[in-house]
Amino acid sequence: MKFSFPSLPLLTIFLFLLPSSIQSQMCLRNCGKETLKYPFGSGPGCGDPRFQPHITCNQQKLTFTTHTGSYPITSIDYSNQVMYISDPTMSTCSCTLPSKGFGLDWNAPFSFDDSTIFALVDCSMNSSSICKTRSYDDGSNSKLQCDQNTQICDVMYSCRPSSININLPISTCCVYTPVNLGPSFDMDLDKLQCSSYTGFYNYNDQQVDPQKWNYGIALKYKFSVTNDYPSSCDACEKSYGFCGYSEVYNSFLCNCPNGINTTTDCFFTSSYNHGFRNGVAWLINVVAWSLVRLIL
């Protein structure tokens, strides 16, 4: 007796359905030691699309990139919405390094946190950074708020001679606090006639000991213009999903632990997966029995 081969359409359906449970996009929950949460993401499609061009996770290293360079992210304070970065070319009390300065991209969703203090190091006495005001191409004027007569500069003189090299009166130290880099958000040390800069955001209760300061840059970020946390993202995270977006339209997506992307949350996916697995198991059994009957 010759049997028909009902397993062929079933096998076709099986092969068609199986890949739908596999997603190429899985948002990582960690990058190295740093936990990732919205608005940060591990790559395209994860987190907030406004952050993605500036934040990358490569080889488990979280990096912040601007037009002036790439900077390791040392930590993120999600409660206060502050990201801390380090600049390998920044001078500290331990060593002096030549630097081109630091700047923020104008369209980046970041600004300098009030805790950040910049000190220009080894500046020429004719440096424009020493003046009280500065004119810009658009006709505006801005106070640089760069002060030579601060305790910070006095304390930095105590650094070892082999570290920060401040040789008065040939050169000088100048402190920006709060940070005001003008409308370009850029610190161009060549134009300012300074060889380097240092930045820190915490004295660690050791104002007179620059060796123990937290060197780096603290940057504030916002979720939106109103800084409201997206309700859709809140619902996604409560269902153990990771907030992301469609790369085509930048529309919201919830990336679930099983790899499925939804436009709402992940609560339904567990039941979906259970039913899907049962359906796949049923198809496998039917195809197996059909093949056995065909062979016999």
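No lab work stands behind these numbers, since they all come straight from the coordinates. What you see is a predicted model; the values in this text were computed from it and never measured. Virtual Cβ from ideal backbone geometry, glycine too; neighbours counted across all protein chains shown.
A few remarks follow.
- Cut-off under 5 Å, modelled amide H: who pairs with Cys174 long-range: Leu120
- FRET efficiency for the Lys191 to Thr264 pair, using the beta carbon distance and R₀ = 51 Å, is estimated at 0.50.
- Between Gln151 and Gln60, the simple spin-label model (points 7 angstrom out along Cα→Cβ) gives 4.2 nm.
- Amide N proximity, the range 39-57 versus Arg29 label position 7 Å along Cα-to-Cβ, cut-off under 15 Å: 42
- Inter-label distance, nm, simple model (7 Å from Cα along the C-beta direction), Tyr229/Asn202: 2.2 nm
- Loop-resident sites, the range 217-255, for chymotrypsin sites (Phe, Trp or Tyr not before Pro), counting at most 10 other Cβ within 10 Å (DSSP): Tyr249
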